[in-house]
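S.K.: Quick one: this structure, given as structure tokens, is what I'll be asking you about.
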Amino acid sequence: MPTVTFSAKANWKNGMVVEGEARGFKVTVDEPKELGGTNTAMNPVELLLCSLGGCMGIVASAFAPKCGVELKGFSVELEGDLDPDGFLGKNPNVRKGFSEIRYKMHIISDSPEENIKKLYHLIEERCPVKDTLQGVPVKGDLVIG
């Protein structure tokens, strides 16, 4: 199968509010008040956690039949540790992004436990967002005006 290129655009609205758009769908991001925002939406790192959980859910749904799992329910609890002093420039020695992301995956099914574990491992191996978070080059260009 040939490589597929996905694209998105983010537009600053005001304050800390930014609107992202892809394929006609829109999502708003903001920061909590304690980080200078207006608390009108998730912040980017919360959205990143949701992206990881959403991707895992899609992989679960797509591959459950292959693993012999009748999926009755699926959810992921996610959390990540981030020291704001990094991106705020208060401490140059602090990582700007998450230092660790943890999750608990809940798979509800009456299928055999070995099949559910097989699905769990397949989700961990095949989730594109998890793979991306484990290291991909990110590069950019500046356009002025």
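Coordinate-derived values only; no laboratory data. These figures come from a predicted structure and were not determined experimentally. Ideal geometry is used to build each Cβ from the backbone, glycine not excepted, and the neighbour counts take in all protein chains shown.
S.K.: Name the residues in the stretch 47-76 that are in a strand (DSSP E or B) and surrounded by 15 or more Cβ atoms within 10 Å (Cβ to Cβ), would you?
M.R.: Phe74, Val76
S.K.: Still on this structure, I have one more. Quick check on the stretch 115-140: of everything there that is within 18 Å of the chain's Cα centre (by Cα) and among the basic types (Lys, Arg), which residue is surrounded by the fewest Cβ atoms within 10 Å (Cβ to Cβ)?
M.R.: Step by step, filter the stretch 115-140, then rank; the result is Arg126.
S.K.: Is one or more of the residues making up the stretch 37-46 surrounded by fewer than 17 Cβ atoms within 10 Å (Cβ to Cβ), on the phi > 0 side of the Ramachandran plot, touching an Asp or Glu at 6+ places or on another chain (Cβ under 9 Å) and free of Cβ contacts under 8 Å to residues at least 24 places away in the same chain?
M.R.: Yes, the stretch 37-46 contains at least one residue that is surrounded by fewer than 17 Cβ atoms within 10 Å (Cβ to Cβ), on the phi > 0 side of the Ramachandran plot, touching an Asp or Glu at 6+ places or on another chain (Cβ under 9 Å) and free of Cβ contacts under 8 Å to residues at least 24 places away in the same chain.
S.K.: Sticking with this structure for a sec: Working only within the stretch 80-96, note down all residues that are charged (D, E, K, R) and either surrounded by 12 or more Cβ atoms within 10 Å (Cβ to Cβ) or in contact (Cβ under 8 Å) with a residue 40 or more places away in the chain (or both).
M.R.: Asp83, Asp85, Arg95, Lys96
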